[in-house]
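S.K.: Here it is: the structure, laid out below.
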Amino acid sequence: MDLDTFYVSVERLIDSRLVGKPVLLGGVGDRGVVASCSYEARTFGVHSGMSMKMARQLCPQGIVIKGNSGTYSKYSKTVTEIIRETAPVVEKSSIDEFYLDLTGMDKFFGCYKLASELRTRITKETGLPISFGMSVNKTVSKVATGEAKPDNQLKIDFGDEKPFLAPLSVKKIPMIGKKTAFMLNRMGVQKIHTLQEMPIELLEKAFGKNGKMMWQKANGIDHSPLIPYHEKKSISTERTFMKDTIDIRKLKDMVAAMVEQLAYELRHGKRVCSNVSIKLRYSDFQTVSKQKRIPYTAADHTLIQHAKELFDSLYSRRVRIRLVGVRLGDLAGGGHQIDLFNDDDRIINLYQAMDAMKDRYGANAVRRGVAVEVKGLGRGNPFNGEPNVVPAHRNA
């Protein structure tokens, strides 16, 4: 099941004047990225991942909205609760996409009837349009959902997987991206039918182990199970500047603000991390990153120090910076451990007091002085079962 143009649909629930109009959601500046767009905007050639500047050129009458991650998480949670009340096994693969395993439900309700009634209930109770595709496995169901959109449903009966997939473009197979599709096209493979007839050995020679997997998916073979729970291994955030900058102080303040926000999310989710990573993208689009293993912690002051050290060792070209990113990885459950020589109970009390204020009044209620000028860092909590939501690139 996949919510149709989820972010746009939520915005239309909030403001009905957006219904029927081309909507562009994402970074509002020229350097912003289109996170989602309405079907009306797609007729102009706009698509997600496109720069907002190009989207505006293609669709000058488009209405640009920045979006609010907290609002999207709220609606996603509501839909998730409705689905989990009905389906015995659910895998939430993204904020707006769900896999349901209805095996064995035929003897009670009929799987297709159950899914149809569930879809109707979701739309009725939330006002959000949703589509679904039903088949014997995840791959065919996902492709069928894409073919059913917008706001529709499609069932692929057992044994009809290959005929259903055959006339479609190879780009429809979930694991095939632009580069792989380009390579296949150069080999004369544009439709899934051609891929179905190719020898596995040839595909393995060209694409390695992924070649066999592509052949299996093209033939409607997919034995991957639903995974109801995913343990989050890292959290990250990044910002694209409105103008490329070489201001070291501004860059370090941004890093500190981002680490402070991520550290709060760690503590809020009762997690600690043991890996810090910094990413920089220069004005010529060269992207570099560096990481460092550290003792497990969720303390701002410790993480900020390591992040700034990584930044100093990474930023060596003295070229203007376009984007900066921070990632905290190798997460584990637990709380901050006091450093025997550097910390005391006052540090723990300070963090507890700050987090209590943030929990009550919002993540930006208490901030370091260096982070005051940094805007737009509020995010949905990544540990409440909701994946991080777009806009992924925020302008600073």
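S.K.: Here are some residues: Val64, Val46. Which one is touching a Cys at 6+ places or on another chain (Cβ under 6 Å) and under 24 Å from Thr240 (Cα atoms)?
M.R.: Exactly one residue qualifies, and that residue is Val46.
S.K.: Kindly provide the set of residues from region 77-95 that are out of contact with any strand residue (DSSP E or B) (no Cβ under 8 Å at 6 or more places or on another chain) and buried (at least 18 other Cβ atoms within 10 Å of the Cβ), ordered by number.
M.R.: Across region 77-95, the qualifying residue is only Ile95.
S.K.: Of the residues Gly334, Gly325, Gly378, which is modelled with pLDDT of 80 or more and either surrounded by fewer than 15 Cβ atoms within 10 Å (Cβ to Cβ) or among the small types (Gly, Ala, Ser) (or both)?
M.R.: Working: Gly334 fails: modelled with pLDDT of 80 or more; Gly378 fails: modelled with pLDDT of 80 or more.
The conditions single out Gly325.
S.K.: Also, quick follow-up: Does region 35-90 hold any residues that are assigned to a helix (DSSP H, G or I), under 29 Å from Lys138 (Cα atoms) and polar (S, T, N, Q), and which are they?
M.R.: Ser69, Thr71, Ser73, Ser76, Thr78, Thr80, Thr86
S.K.: I would also like to ask the following. Go over the candidates Ile83, Ile95, Ile122, Ile65 one by one and state the one that is assigned by TED's automatic domain parsing to the domain that holds Ala35 and closer than 27 Å to Asp15 by Cα. Walk me through it before giving the result.
M.R.: On the way: Ile83 fails: assigned by TED's automatic domain parsing to the domain that holds Ala35; Ile95 fails: assigned by TED's automatic domain parsing to the domain that holds Ala35; Ile122 fails: assigned by TED's automatic domain parsing to the domain that holds Ala35.
That would be Ile65, the only listed residue that is assigned by TED's automatic domain parsing to the domain that holds Ala35 and closer than 27 Å to Asp15 by Cα.
S.K.: Which helices (runs of 4 or more DSSP H) sit wholly inside region 181-295 and have at least 3 residues that are buried (at least 18 other Cβ atoms within 10 Å of the Cβ), touching a residue at least 60 places away in the same chain (Cβ under 8 Å) and of a type in the set (D, E, K, R)?
M.R.: Where helices (runs of 4 or more DSSP H) fall fully within region 181-295 and carry at least 3 residues being buried (at least 18 other Cβ atoms within 10 Å of the Cβ), touching a residue at least 60 places away in the same chain (Cβ under 8 Å) and of a type in the set (D, E, K, R), they are 248-268.
S.K.: Identify all residues within region 152-180 that are assigned to a loop (DSSP other than H, G, I, E, B) and surrounded by 15 or more Cβ atoms within 10 Å (Cβ to Cβ); write none if there are none.
M.R.: The initial filter retains those residues of region 152-180 that are assigned to a loop (DSSP other than H, G, I, E, B), namely 152, 156-160, 166-168, 173-177.
Hits for region 152-180 are Asn152, Ile156, Ala166, Leu168, Ile173, Ile176.
S.K.: Please count how many residues of region 1-33 are part of a strand (DSSP E or B) and more than 18 Å from Pro150 (Cβ to Cβ). Talk me through it step by step, then tell me what you get.
M.R.: Applying the first criterion (part of a strand (DSSP E or B)) to region 1-33 yields 2-3, 23-26, 33.
When the remaining residues are screened for being more than 18 Å from Pro150 (Cβ to Cβ), the result is 26, 33.
Of the residues in that region, 2 qualify.
S.K.: How many residues does region 350-365 hold that are over 26 Å from the mean Cα position of the chain (by Cα) and buried (at least 16 other Cβ atoms within 10 Å of the Cβ)?
M.R.: 2
The values are calculated or read from the model by the stated rules, or taken from the named source; none is laboratory data. Note that the coordinates shown come from a computational prediction; the quantities given were computed from them, not determined experimentally. So basically every Cβ, Gly included, is an ideal-geometry build from the backbone, and we count neighbours across all protein chains shown.
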